[in-house]
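Asker: Sending over a structure as structure tokens; questions will come in a sec.
The values are calculated or read from the model by the stated rules, or taken from the named source; none is laboratory data. If you're wondering where the values come from, they're calculated on a predicted model, not measured in any experiment. Cβ atoms come from the backbone with ideal geometry, glycine included; neighbour counts cover every protein chain shown. Surface accessibility is based on the protein's heavy atoms, side chains included, excluding ligands, DNA and RNA. Shrake-Rupley method; radii C 1.70, N 1.55, O 1.52, S 1.80 Å.
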Amino acid sequence: MRDITGKPELYSINTATLGFQSSLPAIIDACAQRGIGGIAPWRKELDGCHVQDIARQLKACRISVSGLCRSTFYTAPTQAERQAAIDENRHALDIAAELGARCYMQVVGGLPAGSNNLEEARRQVREGIRQLLPHSHDTGVPIALEPLHPMTAADRSCLSTLRQALDWCDELDPEGDYGLGVAVDVYHLWWDPELFSQIARAGKRILAFHVSDWLVPTVDLVNDRGMPGDGVIDIRSIRHQVESAGYNGQVELEIFSSRNWWTKDQDQILDTSIERISEYC
Ligand code: ZN
């Protein structure tokens, strides 16, 4: 396992961690001042920006993009809505390519509105991904399936485990021709008794590694993630497994924290982020 202590060039900051307080150029400057090697921006932050300008700034600062967040949900009641989502995701792949993103992050969607058919939701997602794979290949940006904790199955992600994500990879891209892969997010996967065996199975399919911590108690299912060290996840052991499987990309900190971290200023969040990744990841 790599020694990442005191090596911010191996860290990436998912910009959600900073609570969307400032513009992307200001975030990039703040990360560059600290020697941070990567960011994972959100599509909404790029609205109204010239993507080429952002790409130029990133290059000048030697900051890479560990992933572009995130897909429009694939699940929807009508074919027209599902097609619109696929078209949006196709366009997002173009933006990801301009930024040189290492992958395009997929939060796939939960049940279509008004439905209780989880299998149909999963079928819709697989169909959407299948249609995007050629464009992913053409743009050179791999699609990263991110399984989310099953508590989000109804409204955010009918993809819940790493095994399920890898089964979909095997089904949709059996030879790896399209580079379809997965994101391992410790917040979503730490509880899974199959986690280590599925990480080993994933091997080169691991495109991203996301860290945060599970607070006890967790009071909001989405927006109460902890900083590494404040919760109960053995993050370092999971990183050991991920790197043993062949992952050598950045360690991306991704925190949603409406009650705590988002109330602090950006400099404080960034300084704490570096300390905690260094000490607890
Ligand atoms: Zn994540």
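Asker: Take the Cβ-Cβ distance between N248 and D167 as r, set R0 to 35 Å, and report the resulting FRET efficiency rounded to the nearest 0.05.
Answerer: 0.90
Asker: Report the charge-dipole magnitude of the chain in Debye, nearest 20, computed about the Cα centre from +1 at each Lys and Arg Cβ and -1 at each Asp and Glu Cβ.
Answerer: Result for the chain is approximately 240 debye, rounded to the nearest 20.
Asker: Pull out the extension gain between H91 and C49, defined as 0.36 nm times the separation in residues minus the alpha carbon to alpha carbon distance; nm, one decimal.
Answerer: My answer for the length gained is 13.6 nm.
Asker: Run the quick spin-label model on R2 and K204: label points 7 Å from Cα toward the beta carbon, then report their separation in nm to one decimal.
Answerer: With each label point 7 Å from Cα toward Cβ, the separation is 1.9 nm.
Asker: Looking only at A80, A202, A245, which one moves most when the chain is put into a Gaussian network model with springs between Cα atoms under 10 Å?
Answerer: Comparing A80, A202, A245 in the GNM, the peak value goes to A80.
Asker: Among residues other than G38 whose Cβ falls under 14 Å from its Cβ, what is the net charge (Lys/Arg +1, Asp/Glu -1)?
Answerer: Here the charged neighbours net out to +2.
Asker: Related question: Which residue, L172, L195, L221, has the most motion in a Gaussian network model of the chain that connects Cα atoms within less than 10 Å?
Answerer: Per the Cα network of the chain with a 10 Å cutoff, L221 tops the list.
Asker: Sticking with this structure for a sec: Under a 1.4 Å probe, what is the accessible area of segment 39-144 per residue, stated in Å²?
Answerer: Accessible surface, normalised per residue, equals 45 Å².
Asker: Also, quick follow-up: Quick one: net charge of I54's neighbours, Cβ under 13 Å, K/R +1, D/E -1?
Answerer: -2
Asker: How far, in nm, would the chain grow between L118 and V219 when pulled straight, counting 0.36 nm per residue and subtracting the alpha carbon separation?
Answerer: Result: 33.8 nm gained on full extension.
Asker: What distance in nm lies between label points placed 7 Å from Cα along the C-beta direction at Q79 and E279?
Answerer: 5.7
Asker: Given the -39500 (n - 2.57) contribution per DSSP H run of 4+ residues, what per-residue ellipticity at 222 nm results for the chain, rounded to the nearest 500 deg cm²/dmol?
Answerer: -12500 deg cm²/dmol
Asker: Let me ask another. If a/c stays under 1.5 just call it rounded; otherwise compare a/b with b/c (prolate if a/b is bigger, oblate if not). Do that for the chain, with a ≥ b ≥ c from the square roots of the Cα gyration tensor eigenvalues.
Answerer: Judged from the Cα gyration tensor, the chain comes out rounded (a/c under 1.5).
Asker: When the accessible area of the chain is split by element with a 1.4 Å probe, what percent falls to carbon and sulfur?
Answerer: Summing carbon and sulfur atoms, their accessible area is 49 percent of the total for the chain.
Asker: Taking 0.36 nm per residue of separation and subtracting the Cα-Cα distance, what length does fully extending A154 through F20 add?
Answerer: Gain on stretching A154 to F20: 45.7 nm.
Asker: At 1.4 Å probe radius, can you tell me the per residue accessible area of segment 211-258 in Å²?
Answerer: Roughly 36 Å² per residue, with all protein chains present.
Asker: Here's another thing I want to ask about it. Need one value: the accessible area of I206 in square angstrom, 1.4 angstrom probe, rounded to the nearest 10.
Answerer: Answer for I206: close to 10 Å² accessible.
Asker: If you don't mind, another one. How high is the relative contact order of segment 134-281, in percent, counting Cα pairs under 8 Å that sit 6 or more residues apart?
Answerer: 20
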